[in-house]
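Single-structure report; data block below.
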There are 2 protein chains.
Amino acid sequence: MSVLVATDFDADEQAGFIDLLRGLLPHERFVQSSDGEVDVAIVANPPEGALQGLPGLKLIQSMWAGADRLLRDPTLPKDVPLARMVDPAMNRAMAETALWAVLSLHRRFFDYAAQQRATRWQLLPQPRADEVSVLVLGLGEMGRTAAMTLASHGYHVSGWSTRETNVDGVRTAHGEAGLATLLAAADIVINLLPLTPATQGFFDASRLARLKPGASLVNLARGAHVVDADLLAALASGRVSHAVLDVFRTEPLPADHPYWHHPAVTVLPHAAAQTDLRSATAAAVANVRALREGRPLANLVDRQRGY
Amino acid sequence: MSVLVATDFDADEQAGFIDLLRGLLPHERFVQSSDGEVDVAIVANPPEGALQGLPGLKLIQSMWAGADRLLRDPTLPKDVPLARMVDPAMNRAMAETALWAVLSLHRRFFDYAAQQRATRWQLLPQPRADEVSVLVLGLGEMGRTAAMTLASHGYHVSGWSTRETNVDGVRTAHGEAGLATLLAAADIVINLLPLTPATQGFFDASRLARLKPGASLVNLARGAHVVDADLLAALASGRVSHAVLDVFRTEPLPADHPYWHHPAVTVLPHAAAQTDLRSATAAAVANVRALREGRPLANLVDRQRGY
């Protein structure tokens, strides 16, 4: 088969990636620009329009977990199966970041860093993990892994998703009805929702007003989940005491954005769970093999649902 | 029995502590200064000399895990059993801090914080946890809990102690012979050794020179384990890339100490594992009951060994 590799990688990374693919799929032909004869497209933030004019295309395999950016491309072929990346290594990396953020908030390490900058030595209260209530929004692969990791550390973890989902050791709810109670009870809210038309602007003034006063927000999903002006207002009023933000509406975050030097905001450069090409390539290759052998494709995106 | 409570708590904390004790030990008499008739002393950093002239003293129960400060008091009664605090809640708090420090170093969150201060957006490498080698020095209650917690997260964990100790899932060694190899292999070294004459100044120039170039040091034990001038030199040369320091030779850390504003040093105010009076009081009370009922006392310090 002919495999188009379309990414925004730099030349070295792209060459290394194609070497990895060739090693695992020695019988396929790899091309870097469309010549019309393409069976599979393996993509990572491809340029808009890169997948047009490929009548024989049978699979679009993304190397990224989120499909929202691909689905926003109006030229994306409509009837070709689209698979997103589900990689246990990436789920673990995301759970590490969630756990680091929760430990940092629970044990006041962001506050101690501020004290260090001010040459200030002062102990702050140290509750037990079971006295800290964490809400994970979104119970896909990443949300479930994060919730179970946090629960195994003794945190009081709840989970919420749009559809009913069960997670071992985690109290879950779904739909609008279950949301208000969970939002009001959480000390720390972790966003791992998929970005869809329904979750766009999820954290607006009305939802932020439902948080427990002084709660913290950890956004590891997409920048467009947050209405930035509303979050800044909630930080100013003290409704939200700290925000850990890995994702932004414009990335890189513009140099003049108020988040950069806000004392209650931790800015990460979309680093919560980078794709590890070693393991992600293996996951992509498994789907290409399934296609060749006529087996079912894994991790297909439901375009109606948006993830 | 008559119980002397000698601490450096402020008046409110002392009153709350005695209330807790009274609730659990309704038959004992509590005094706050020595009247000679004292059976048990419950202490937390008592003023030097506070335990002199108590001929009937049968147990000194410390609320702190480390006994080094008590043992340095030349007026400490020599033949009275001395128990230190062993509290599962404190062990868990220490493991949380160790895990936070390891996650912060492994996933570069200290570097991302520096980037945020510089308005800089740049992804840094993201190795898997099993590619990060962590060495825990000291395998007492706290060291073991920290090592097992880190191993359960997928880190490659080794442990070292002066005497042979086994820890599930952790490769251990003991004595000088095993130390050099482990020091040279670790990306992150966590110090949880007891402070004794033998471990005083443990991290001096010669030991720091054995670390893997660019390793990080996390000192959660005692400030006197580190020769500060030698650590500052190792940070300057790049042998040590980052130090997380919770403990110092003088506490609070003096305002003019170079650690405060060193870009590669994270200063914490002896916050890694505060005594949680709720659970620690229960542990102390268990020993007082054992004394009253003639059962063996727990967590006695071996004064020869120093812990």
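The values are calculated or read from the model by the stated rules, or taken from the named source; none is laboratory data. Quantities reported herein were computed from a predicted structural model and do not represent experimental measurements. Quick reminder, even Gly has a Cβ in these numbers, built from the backbone with ideal geometry, and neighbours come from all protein chains shown. Heavy atoms of the whole protein, side chains included, go into the accessibility calculation; ligands, DNA and RNA do not. Shrake-Rupley method; radii C 1.70, N 1.55, O 1.52, S 1.80 Å.
Summed over segment B:1-33, residues that are part of a loop (DSSP other than H, G, I, E, B) and among the aliphatic types (A, V, I, L, M) total 2.
Residues in segment B:244-279 that are more than 15 Å from the chain's Cα centre (by Cα) and at pLDDT below 95 were compared, and the one that is farthest from the other protein chains (Cβ to nearest Cβ) is B:277.
Only one of (1) surrounded by fewer than 20 Cβ atoms within 10 Å (Cβ to Cβ); (2) assigned to a loop (DSSP other than H, G, I, E, B) is not met by residue B:65, so which one is it? The one condition residue B:65 does not meet is (1). Of the helices (runs of 4 or more DSSP H) that lie entirely inside segment A:186-305, not one contains 1 or more residues that are of a type in the set (Lys, Arg) and open to solvent by less than 10 Å² (accessible area, probe 1.4 Å). Residue A:139 satisfies every condition listed in (1) within 14 Å of chain B (Cβ to nearest Cβ); (2) more than 30 Å from residue B:278 (Cα to Cα); (3) open to solvent by less than 30 Å² (accessible area, probe 1.4 Å); (4) assigned to a loop (DSSP other than H, G, I, E, B) except (1).
Identify the residue in segment A:145-162 that is away from chain B (no Cβ under 14 Å) and either among the acidic types (Asp, Glu) or touching a helix residue (DSSP H, G or I) at 6+ places or on another chain (Cβ under 8 Å) (or both) and, among all such residues, is surrounded by the most Cβ atoms within 10 Å (Cβ to Cβ). Lay out the reasoning, then the answer.
First, the residues of segment A:145-162 that are away from chain B (no Cβ under 14 Å): A:147, A:156-162.
Okay, now just the ones that are also either among the acidic types (Asp, Glu) or touching a helix residue (DSSP H, G or I) at 6+ places or on another chain (Cβ under 8 Å) (or both), so A:156-162.
Numbers: A:156: 19, A:157: 27, A:158: 24, A:159: 29, A:160: 25, A:161: 22, A:162: 19.
This residue is A:159.
Residues that are under 20 Å from residue A:291 (Cα atoms) and in a loop (DSSP other than H, G, I, E, B) were ranked within segment A:47-62; the one that is most open to solvent (accessible area, probe 1.4 Å) is A:55. Exactly one of these conditions fails for residue B:130: (1) open to solvent by less than 40 Å² (accessible area, probe 1.4 Å); (2) part of a helix (DSSP H, G or I); (3) within 12 Å of chain A (Cβ to nearest Cβ). Give me its number. For residue B:130, the exception is condition (1). Go through segment A:79-115 and count every residue that is surrounded by fewer than 22 Cβ atoms within 10 Å (Cβ to Cβ), facing chain B (nearest Cβ under 10 Å), touching a residue at least 60 places away in the same chain (Cβ under 8 Å) and closer than 30 Å to residue B:252 by Cβ. Number satisfying all stated conditions: 1.
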